[in-house]
Amino acid sequence: MADTILGVDIGGSGIKGAPVDLVKGDFAAERVRVPTPQPADVKSVIKATAEVVNQFDDVRRIGVTFPGVVVNGVVKTAANMDKSWIDAPAAQLFSAELGKPVVVLNDADAAGIAEITYGVGKGRLGTLLMLTFGTGIGSALFLDGKLVPNTELGHLELDGQDAEDRASDRARSDENLGWHAWAERVENYLRHLEMLLRPDLFVIGGGVSKKAENYLPHIRISTPIVPATLLNTAGIIGAAIVADSAVEVLTPLRHSPVS
């Protein structure tokens with residue numbers, strides 16, 4: 001496949017990659033997955049990412065998601081990864097290892113970009129908040145289709161803990177919660193976000209989005225809430241969108257003049 005744009009999604013449990021057809025907004029070939037190394041330190045994760053990337057030919061550019069704040073290709077937080085990532089120049093390190101241009105961005109931001117481009121958020125105005133429930137809780141906030149990057153709202157305090165320690169899919173699994181019990185925690189979290197942001201729409205992504213019928217009917221909030229259209233493929237697709245773009249898409253609001 002000539003001129004491949006590759007998306008790679010680094011998560012707490014797996015590193016997944018696939019070439020993306022940016023016309024269709026879908027994978028152009030079968031996804032490859034390897035387990036995330038433990039500990040998930042810089043050297044080990046870069047090596048595992050190379051293992052994924054090397055499965056594909058004719059790669060032109062690569063987008064990589066990371067579960068933390070990423071500013072200008074530099075990692076600033078790593079709640080679910082090894083602390084060696086903090087202040088690591090991730091884009092530079094990946095590019096040096098892979099021999100290709102690499103952009104690195106927050107994983108939930110990438111998923112949100114995919115949903116805004118191809119999915120349920122396409123053409124929507126107002127405030128849209130996408131939340132990805134997995135090992136942690138990622139967030140991507142959009143105002144009239146423009147991304148407010150690196151919100152990391154999974155780390156808001158909820159019942160005296162990080163919200164993701166109470167309401168992530170990992171918490172559901174670790175505490176053996178039933179869907180109804182977990183939905184109560186998610187509802188509590190969403191009500192807190194409603195109070196802070198008054199969004200027009202919640203979009204629920206991550207692996208758990210494939211099972212929306214098990215928990216969404218139990219959540220009672222004022223804001224409309226829908227599962228992500230792209231399910232858990234969104235991170236890879238969003239990473240490829242950004243990798244293919246010749247313009248900076250991660251900080252559009254920062255360039256607006258303040259009146």
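All of the numbers you see were taken from the coordinates with simple rules; none came from a lab. Worth saying up front: this structure is predicted, and the values here are computed from it rather than measured. Here the Cβ positions follow ideal geometry from the backbone for every residue, glycine too, while neighbour counts run over all protein chains shown.
Those strands (runs of 3 or more DSSP E) of region 100-172 in which at least 1 residues are within 15 Å of residue 9 (Cβ to Cβ), considering only elements entirely within it, cover 102-106, 127-133, 137-143.
Could you tell me whether any residue of region 55-75 is touching a residue at least 60 places away in the same chain (Cβ under 8 Å), in contact with an Asp or Glu (Cβ under 6 Å, 6 or more places away or on another chain) and not in a loop (DSSP other than H, G, I, E, B)? The answer is yes, given that some residue of region 55-75 is touching a residue at least 60 places away in the same chain (Cβ under 8 Å), in contact with an Asp or Glu (Cβ under 6 Å, 6 or more places away or on another chain) and not in a loop (DSSP other than H, G, I, E, B). Scanning region 205-233 for residues that are in contact with a Ser or Thr (Cβ under 8 Å, 6 or more places away or on another chain) and not in a helix (DSSP H, G or I) returns 205, 206, 227, 228.
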